[in-house]
1. Kindly list the residues of the stretch 16-42 that lie in the label zone of residue 58, defined by a backbone N under 11 Å from the point 7 Å along the Cα-to-C-beta vector.
2. Would you work out if the chain is rounded, prolate or oblate? Take a ≥ b ≥ c from the square roots of the eigenvalues of the alpha-carbon gyration tensor; rounded if a/c is under 1.5, else prolate when a/b is larger than b/c, oblate otherwise.
3. Residue separation times 0.36 nm, minus the C-alpha to C-alpha distance between residue 20 and residue 35: what's the value?
4. Based on DSSP H runs of at least 4 residues, each adding -39500 (n - 2.57), what is the mean residue ellipticity at 222 nm of the chain after dividing by all its residues, to the nearest 500 deg cm²/dmol?
5. For the residues 31, 57, 42, what sequence is obtained by ranking on other C-beta atoms within 10 Å, fewest first?
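Each reported figure results from applying straightforward, stated rules to the coordinates on display, with no laboratory input. The model shown is predicted, which means the values in this text are computed figures rather than measured ones. So basically every Cβ, Gly included, is an ideal-geometry build from the backbone, and we count neighbours across all protein chains shown.
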Amino acid sequence: MGQDDYFLAAELTRRHPLKAYDAVQLAVAIREANVLDLIGRRLVFVSSDKTLLSAARVEGFSTENPFDYVS
């Protein structure tokens, strides 16, 4: 993790009601998604935390909640 990830995580906590660790997770996902975009791949953000998933969607991610598949 680079310093830029922490700065982005801090910004994400201002834009969304995220806990610090959730913001770090989303910041790293944003960084990695930018890398994957260079090779034409998309990152799907997976979490069971509804607040984190909502923030990820606002940030442009497709999302999945694994609990949606539990019966």
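1. Counting backbone N atoms under 11 Å from the label point, the list is 16-18.
2. Details: a/c = 2.18, a/b = 1.17, b/c = 1.86.
Oblate shape, in that a/c is at least 1.5 and b/c is the bigger or equal ratio.
3. Taking residue 20 through residue 35 to full extension adds about 3.1 nm, to one decimal.
4. It lands at -18500 deg cm²/dmol.
5. Working: 31 15, 57 12, 42 9.
The fewest-first ordering by Cβ neighbours comes to 42, 57, 31.
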